[in-house]
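Asks: One structure, pasted below without further comment.
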């Protein structure tokens, strides 16, 4: 069991600290650290850790860990941090009981995940496309209340 725990910890460190776009690349990085792993085991490990793959600006993909750090966000922006944006966030508008957030292409799912995992009472849930997130406000929640909640979740917007 210790080997599995060590392998999972190393996977977390590699994903958080590097721009890794495929299981084969991750497997190679693990092998460099002396850990040989089958594709099936690696796939199970990624699922257990809830690591997901998102589109990167270079047309490829990148694995991210839940609770993506600013360092990873910067890597997703191809090494250039974008002031005023968090995880690809671009804008916020309201229409009735919907908060409509525009993101960079491929970032909407991560943003929706962050909102859903915050478990705030002001939102019923989210729906994500490629570059748009719809967050459904509970009845009676004002746009200003929703904006304040989003300011806590997305402090850089």
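Asks: What ranking do 127-134, 115-122 get when scored by the average of other Cβ atoms within 10 Å per residue, highest first? Walk me through the numbers on the way to the answer.
Replies: On the way: 127-134: 16.1, 115-122: 14.1.
With the highest mean Cβ count within 10 Å placed first, the list reads 127-134, 115-122.
Asks: Could you give me the percent of Cα pairs per 5 Å distance bin for the stretch 89-153, shortest bin first, beginning at zero and ending with the bin that holds the maximum distance?
Replies: 4, 20, 34, 27, 12, 2, 0
Asks: Let me ask another. Estimate the FRET efficiency between residue 50 and residue 22 by the formula 1/(1 + (r/R0)^6), using the beta-carbon distance for r and 22 Å for R0, to the nearest 0.05.
Replies: On the way: r = 18 Å, r/R0 = 0.82.
Between residue 50 and residue 22 the formula returns 0.75.
Asks: Continuing with the same structure: Mind checking the full-extension length gain between residue 90 and residue 138? Use 0.36 nm per residue of separation minus the Cα-Cα distance, one decimal, nm. It would help to have the intermediate numbers written out before the result.
Replies: Details: separation 48, 0.36 × 48 = 17.28 nm, distance 2.33 nm.
Contour length minus Cα-Cα distance gives 14.9 nm.
Asks: Could you give the nm distance between label points at residue 4 and residue 102, where each point is 7 Å from its Cα heading toward the beta carbon?
Replies: Computed distance between label sites residue 4 and residue 102 equals 4.7 nm.
Asks: What length, rounded to one decimal in nm, is gained on full extension from residue 13 through to residue 40, with 0.36 nm per residue of separation minus their alpha-carbon distance? Walk me through the intermediate numbers first.
Replies: Values: separation 27, 0.36 × 27 = 9.72 nm, distance 2.00 nm.
Full extension from residue 13 to residue 40 adds 7.7 nm.
Bear in mind these aren't lab numbers, they're just calculated from the coordinates by the rules spelled out. Because the structure is predicted, anything quoted here is derived from the model rather than measured. All Cβ positions, glycine included, derive from the backbone under ideal geometry; neighbour counts span all protein chains shown.
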